[in-house]
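Chemist: Quick one: this structure, given as structure tokens, is what I'll be asking you about.
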Amino acid sequence: MYVRLHERAAVTALAVIAVAASALFLSNTQATAAPRDPLGNEGRWIIDTQGRVVVLHGVNMVTKHPPYFAKGLGFGRDDAEFLRSHGFNTVRLGVIYTAVEPQPGRYDNRYLDQIAREARLLARHGIHVLLDFHQDMYNGAFQGGGFPDWAVKDDGLPREPKAGFPLNYWLMPALQHAYDNFWANSPGPGGVGLQDRFAAAWRHVAKRLGKLKRLVGYDIMNEPSPGSSINECSTWTGCPGFDRGPLSSFNERVYRAIRKADRRHLVWHEPHGGFGFGNPSFTEGTGGKRSGFSFHLYCIGIPGFAGGESRPCERVNADIFGDAEAASRRTGDALLLTEFGANVRWPDSVAEAVTLADEFMIGWQHWAYTTDTHVPGSGPPGPGGILVDDARKPLRGANVAHETLQLLVRPYPQAVAGTPRRWEFDPAAHRFELVYKTRPVGDELRARARTEVVVPRLQYPDGYRADVEGGRITSPKNARLLKIAAARHAKTVKLKLAPR
């Protein structure tokens, strides 16, 4: 096994390379191929139309306040080029419900057109987009956001204390009751159920945006909160009653609504928000095909839930990945880690997440590229999870969290023509190894399908040495996207990379 990189001193030393390499990337971007659309799944694996296993590495780009889209923060072509030049191939793009349906039954198509423009921009750079209905603490009335004002139904309960994110989840009765009414599908304006409105909005979004290229699919709701059941859920044993009941029913309702508009793309559901702290999930999924389990990783060293035993984050994080695999075995869903990084334990939390993701062979999206909850210039990017301090400024120098970039940018198999057995990267020695079986994960593998491995210049500024057993390299020397064709009768292919 390769050594894990936890020591901040080692990361800081490597960041010197990142400063120079970042500018080099922007001036020497090499176009790379991308997995073939539309993406589907075979159990836990995301697959493309060639039958290859697809691995995603990328970031979140979520704007939680008006105008609720990335361009409002300065995100544009240079940012897309920056991401792809460093080998990232996915973005979780925030879509805010209050902007989609500002009035009951009335949708803002101009807003969705802007989301579409941003998705197309990313697609032109080979980046797959996951559309995310993002919410935190429901609405501004509770110091949160996401849901429109007309969807707030707290029945006059106290909106105190105002302890901010995330404590209001546990402390504010009105916020808990608003979620309770949502899970009960209580009637809102016009007597229409709150969930019914939400599902109809998703159907409209899927109808409007479902023909976009390079869609990872639809993330139903960010970190759904169990409302007044939150204390029960915040334990090492979790809350099977909420997961198997209201949350699973909600996922099925939204899935059915989306499928009326789009049958091609993956629909992703999330466990309740405590999953990222180590609470297990018992959801039954969406009840349909082409579905995924989107989960988060945010252990901060909480000394035991509800008086339970204390567990170190290294153990909790491994348990989270294990629980995600268990959920996939139960539901048949694909797996994707859609948030990690914004953590007081930075940089250890980032190093642990990407190491475990490789170990469990799961793709990821880091939080975050930049976001409007971060005030540019308030401090160096990185410790708050932010990769870029201000997207309006040039992507170099102190505007980029080079230590975080160094941790995130790593070689990985973007597409595997077979069944992955393992891959791992030693960031200190810059050595990478991939092993896969030539047998496909599904029914078939397209003839002449090639394995594609992203080899970032940041890790190999002077080129690399590649050794393959059971196949041959078909890409040019030192290509940023290394391609492998398996030998005719090979059952296993092994790749080893090292600096030149």
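The values are calculated or read from the model by the stated rules, or taken from the named source; none is laboratory data. Note that this is a predicted model, so its numbers are computed, not measured. FYI the Cβ positions are ideal-geometry reconstructions off the backbone, even for glycines, and counts take in every protein chain you see. Please note that ligands, DNA and RNA were not included when accessible areas were found on the heavy atoms of the full protein model with its side chains. Shrake-Rupley method; radii C 1.70, N 1.55, O 1.52, S 1.80 Å.
Chemist: Starting from the amide H of Arg421, placed 1.01 Å from N in the peptide plane, find each other amide H under 5 Å away whose residue is 5 or more places distant or on another chain.
Modeler: Val435, Tyr436, Lys437
Chemist: Further question on the same structure: Please report, in debye to the nearest 20, how large the charge dipole of region 215-368 is about its Cα centre when each Lys and Arg carries +1 at its beta carbon and each Asp and Glu carries -1 there.
Modeler: That gives a dipole near 800 debye.
Chemist: Taking only the C-alpha atoms, wrap a convex hull around region 278-363 and report its volume per residue in Å³ as a whole number. Intermediate results must be reported in sequence, preceding the final value.
Modeler: Details: hull volume 8.0 nm³, N = 86.
Roughly 93 Å³ of hull volume per residue.
Chemist: Still on this structure, please answer the following. Mind listing the Cα extents of region 86-223 along all three principal axes, in Å, largest one first?
Modeler: 48, 36, 21
Chemist: Run through the DSSP bridge list for the chain and note the antiparallel percent, rounded to the nearest 5. Don't skip to the end; give the middle numbers.
Modeler: Working: 40 of 71 bridges.
If we restrict to bridges inside the chain, about 55 percent are antiparallel.
Chemist: Under 5 Å between amide hydrogens, which residues at least 5 positions from His57 or on another chain qualify, with H placed 1.01 Å from N in the peptide plane?
Modeler: Asn89, Thr90, Trp364
Chemist: Kirkwood-based Rg over Rh for region 240-383 (C-alpha set), two decimals? Intermediate values should be presented prior to the final figure.
Modeler: Details: Rg = 16.3 Å, Rh = 16.3 Å.
With Rg and the Kirkwood Rh in hand, the quotient comes to 1.00.
Chemist: Continuing with this model, one more query. Hey, any idea what % of region 216-303's accessible area is carbon plus sulfur with a 1.4 Å probe?
Modeler: Numbers: 1360 of 2730 Å².
Using a 1.4 Å probe with all protein chains present, region 216-303 comes out at 50 percent carbon and sulfur.
Chemist: Please list 3J(HN,Hα) in residue order for region 343-348, calculated via the Karplus relation 6.51 cos²θ - 1.76 cosθ + 1.60 where θ = phi - 60°; whole Hz, with x for glycine and proline.
Modeler: So the J values, rounded to whole Hz, are 8, 5, 8, 4, x, 4.
Chemist: Report Rg/Rh for region 403-500, rounded to two decimals, where Rg is the Cα radius of gyration and Rh the Kirkwood radius. Write out the running numbers ahead of the final one.
Modeler: On the way: Rg = 13.3 Å, Rh = 13.7 Å.
The Rg/Rh ratio comes out at 0.97.
Chemist: Starting from the 7 Å offset along Cα-to-Cβ, what nm value, one decimal, do you get for the label separation of Lys213 and Asp426?
Modeler: Taking the two extended label points, one gets 4.0 nm.
Chemist: Which Rg and Dmax, in Å, describe the Cα atoms of region 343-443?
Modeler: Considering region 343-443 through its Cα atoms, Rg and Dmax are 16.4, 52 Å.
Chemist: Residue by residue through region 116-125, which ³J(HN,Hα) values in whole Hz follow from phi under the Karplus form 6.51 cos²θ - 1.76 cosθ + 1.60 (θ = phi - 60°), with glycine and proline marked x?
Modeler: 4, 4, 5, 5, 5, 4, 5, 4, 5, 9
Chemist: Considering only C-alpha atoms, what is the centroid distance from region 132-176 to region 333-377, in Å?
Modeler: Spelled out, the Cα-based centre of one part sits 25 Å from the other.
Chemist: Tell me which lysines have Cα within less than 26 Å of Lys162's Cα, excluding those fewer than 8 residues away on the same chain?
Modeler: In chain and number order, the partners are Lys64, Lys153.
Chemist: Please give the per residue accessible area of the chain, computed with a probe of 1.4 Å over protein heavy atoms only, in Å².
Modeler: Details: 18970 Å² over 500 residues.
That works out to 38 Å² for each residue.
Chemist: Here are some pairs, Lys213/Lys260; Lys213/Lys437; Lys207/Lys289; which of them have Cα atoms lying more than 21 Å apart in this structure?
Modeler: Working: Lys213/Lys260 19 Å; Lys213/Lys437 29 Å; Lys207/Lys289 18 Å.
Violating the 21 Å limit, Cα to Cα: Lys213/Lys437.
Chemist: Related question: Under a 5 Å amide H to amide H cut-off, with H placed in plane at 1.01 Å, what residues pair with Gln414 once short-range neighbours are removed?
Modeler: Glu452, Val453, Val454
Chemist: Here is a further query. Compute the long axis of helix 248-259 from its Cα atoms, compare it with the longest principal axis of the Cα atoms of the chain, and write down the angle in degrees, 0 to 90, nearest 10.
Modeler: Between the helix axis and the principal axis of the chain, the angle is about 70 degrees.
Chemist: Separate question: May I ask for the net charge around Arg214, where only other residues with Cβ less than 11 Å from the Cβ of Arg214 are counted and Lys, Arg are +1 while Asp, Glu are -1?
Modeler: Neighbour charge sum, excluding Arg214 itself: +2.
Chemist: For region 392-433, which whole-number percentage of the solvent-accessible area (1.4 Å probe, protein heavy atoms only) is attributable to carbon and sulfur atoms?
Modeler: Numbers: 620 of 1360 Å².
Carbon plus sulfur share of accessible area: 46 percent.
Chemist: Just order 482-488, 123-129 by mean Cβ neighbour count inside 10 Å, highest at the front, would you?
Modeler: Details: 482-488: 18.7, 123-129: 21.0.
Answer by packing, highest mean first, reads 123-129, 482-488.
Chemist: If we sort 464-473, 52-61 on the protection proxy, mean other Cβ atoms within 10 Å, highest first, what's the order?
Modeler: Values: 464-473: 16.4, 52-61: 26.2.
Top to bottom by mean Cβ count within 10 Å: 52-61, 464-473.
Chemist: Which is farthest toward the positive dipole end of region 145-239 among Ile230, Gly188, Ala206, measuring Cα position about the Cα centre, with Cβ charges +1 (Lys, Arg) and -1 (Asp, Glu)?
Modeler: The listed residue farthest towards the positive side: Ala206.
Chemist: Let me know the charge dipole size of the chain about its Cα centre in debye, to the nearest 20, where only the beta-carbon of Lys, Arg (+1) and Asp, Glu (-1) is charged. Before the final figure, lay out the partial values.
Modeler: Values: 62 positive and 51 negative charges, 511 e Å.
It works out to roughly 2460 debye.
Chemist: I need the per residue convex hull volume for the chain, using only the alpha carbons, in cubic angstrom as a whole number.
Modeler: Working: hull volume 65.4 nm³, N = 500.
In the chain, the Cα hull volume divided by residue count equals 131 Å³.
Chemist: When ranked by the protection proxy of mean other Cβ atoms within 10 Å per residue, highest first, what sequence do the peptides 164-171, 145-152, 216-223 form?
Modeler: On the way: 164-171: 16.2, 145-152: 20.0, 216-223: 26.0.
Highest to lowest by the protection proxy: 216-223, 145-152, 164-171.
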